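The values are calculated or read from the model by the stated rules, or taken from the named source; none is laboratory data. Keep in mind it's a predicted model, so treat the numbers as computed, not measured. No Cβ is skipped: glycine too gets one built from the backbone with ideal geometry, and neighbour counts run over all protein chains shown.
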Amino acid sequence: MKKIGVLTSGGDSPGMNPAIRAVVRKAIYHDIEVYGIYGGYAGLISGEIEKLGLGSVGDIIHRGGTMLHSARCPEFKTKEGQQKGIEQLRARGIEGLVVIGGDGSYQGAKALTEQGYPCIGVPGTIDNDIPGTDVTIGFDTALNTVIDAVDKIRDTATSHERTFIIEVMGRDAGDIALCAGLAGGAETILIPEENYDINEITERLLKGQERGKKHSIIIVAEGVCSGVKFADELQKAANLETRVSVLGHIQRGGSPTAADRVLASRLGAKAVELLIEGKGGRAVGIENNELVDYDIVEALENKKHKLDLNLYKLSKELSI
Ligand code: F6P
């Protein structure tokens, strides 16, 4: 393999930049040319492709976002869109592609693989919901951003003796809510993977108040319902007055943590190694601190991401 491409796609995540850097530097180390595709699959279709050198990825290891920019691209869900993308790559002699992104990005990489174009998926999303890896690039940073916010909200919650509802990202996966809830000492955590019982929640909150608890923190994953809607529900169920904080896109930004930089560097380099070995159609990941790779089609079809529900149980035990 003499020329490879790299793109970032879908919701950005802190750590995408160090992953791009690792792909570029590892490839150049092995005398392979690297082409950056700007704007995700949309940029691939329209040919926003430029050669990257060692210096192109200088001074980005500590930066959030992605220097290659990102997009969600409905056209790439079609066969025609995918073919246009492959043509752009082949026209430049680019023989393999590293795709850094989340679920939608993996679907794109899978489609290219099924059409005979070698792709490697690198898990980059704050959601932590990619099959074939224990953790995704960006999750640790996002979690720390959420914890920083929870700690600050706790200060004002204590001063005013209030119950706060904090809405975090996670449409289908409760990883951010669960880990932030556990690490932030939340009284209640609502995740898409588990149903909740409003009576049980109000009972716990009221019991806590009777016992002298001065404030409470409730973390709601956006996939369950909005924080405002849940505040309404609490008001109706138990006449509980709350304040709501929606953390939103600050969760996607910021300088990547050391853990994310190390993970991104390892996974980016691993993706290049696989292409050098002539292996396309793989998804890289980390399991028990070992680098692993799986057939991307099989990973998406058979290796669904599962939330560790033991953590959910533990959070309930610790927040009595
Ligand atoms: O996939 C990452 C993610 O941040 C989700 O947690 C969130 O629901 C979504 O992206 C938001 O996407 P957008 O920025 O396109 O609104």
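Values for this structure:
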| quantity | calculated |
| --- | --- |
| Residues within the range 191-237 that are touching a Leu at 6+ places or on another chain (Cβ under 8 Å) and within 16 Å of the ligand (Cβ to nearest atom), tallied | 7 |
| Residues of the range 173-187 classified as within 16 Å of the ligand (Cβ to nearest atom) and part of a loop (DSSP other than H, G, I, E, B), total | 2 |
| Top-ranked residue of the range 22-59 - restricted to ones that are buried (at least 24 other Cβ atoms within 10 Å of the Cβ) and over 24 Å from residue 82 (Cα atoms), ranked as farthest from the ligand (Cβ to nearest atom) | 27 |
| Verdict on residue 241 being surrounded by fewer than 14 Cβ atoms within 10 Å (Cβ to Cβ) and either closer than 19 Å to residue 180 by Cα or touching a residue at least 24 places away in the same chain (Cβ under 8 Å) (or both) | yes |
| Qualifying residue in the range 240-253 (condition: in a loop (DSSP other than H, G, I, E, B) and at pLDDT below 95) | yes |
| Residue that is nearest to the ligand (Cβ to nearest atom), among those in the range 135-171 that are acidic (Asp, Glu) and farther than 16 Å from residue 227 by Cα | 140 |
| Test for residue 132: is it touching a strand residue (DSSP E or B) at 6+ places or on another chain (Cβ under 8 Å), assigned to a strand (DSSP E or B), small (Gly, Ala, Ser) and closer than 20 Å to residue 304 by Cα | no |
| In the range 263-320, residue surrounded by the most Cβ atoms within 10 Å (Cβ to Cβ) [restricted to those that are touching a Lys or Arg at 6+ places or on another chain (Cβ under 6 Å) and part of a strand (DSSP E or B)] | 284 |
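Yes/no per residue for (1) within 19 Å of the chain's Cα centre (by Cα); (2) assigned to a loop (DSSP other than H, G, I, E, B):
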site	(1), (2)
99	yes, no
107	yes, no
111	no, no
127	yes, yes
144	yes, no
164	no, no
171	yes, yes
